[in-house]
Amino acid sequence: MFVNHILDLASTIRYLRPIIKGTAETKYMALIELVGKNAEAIVKAIIDVCQENRIDLKKLSNIASDGASVVAGKHTGVCKRLSDMFNPYITVNHCIAHRTALAGDNATETISI
């Protein structure tokens, strides 16, 4: 699952279908306007969308995000809450595209031309 942007929630699911030779598929799931900008509202939105699409969150194994503290916060962030609620072995990744953008922003602040 990829969680990005505070105002809208875009979810993409990558999953394995063992019935079809264990191939991995990526599906765009939803774009939802969030009611709130806090971890509680984002978690609720994720749970609602997954329930609507009959996705078992106990099988969630990885979350990639933009690195925002509301999502990646280790005490009360979205990833921590989902891990506590569904699967304590969820791994969390900071999206490489977002990390690259942050590095570029930081580089322009320290390099004078």
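For the reader, a short list of remarks on this structure follows.
- L9 passes every criterion in (1) assigned to a helix (DSSP H, G or I); (2) at pLDDT below 90 apart from (1).
- Qualifying residue in region 54-63 (condition: within 29 Å of A101 (Cα to Cα), buried (at least 19 other Cβ atoms within 10 Å of the Cβ), polar (S, T, N, Q) and in contact (Cβ under 8 Å) with a residue 40 or more places away in the chain): no
- Considered as a group, the residues in region 70-113 that are charged (D, E, K, R) and within 26 Å of D48 (Cβ to Cβ) include one that is surrounded by the fewest Cβ atoms within 10 Å (Cβ to Cβ), and that residue is K74.
- Every pair of residues 6+ apart whose Cβ atoms lie under 9 Å, when the first sits in region 84-113 and is under 23 Å from K74 (Cβ atoms) while the second is part of a helix (DSSP H, G or I) and of a type in the set (S, T, Y): Y89/S83; I90/S83; V92/S83
The values are calculated or read from the model by the stated rules, or taken from the named source; none is laboratory data. Please read these numbers as outputs of a predicted model, since none were measured by experiment. Backbone-built Cβ (ideal geometry, glycine too); neighbour counts: all protein chains shown.
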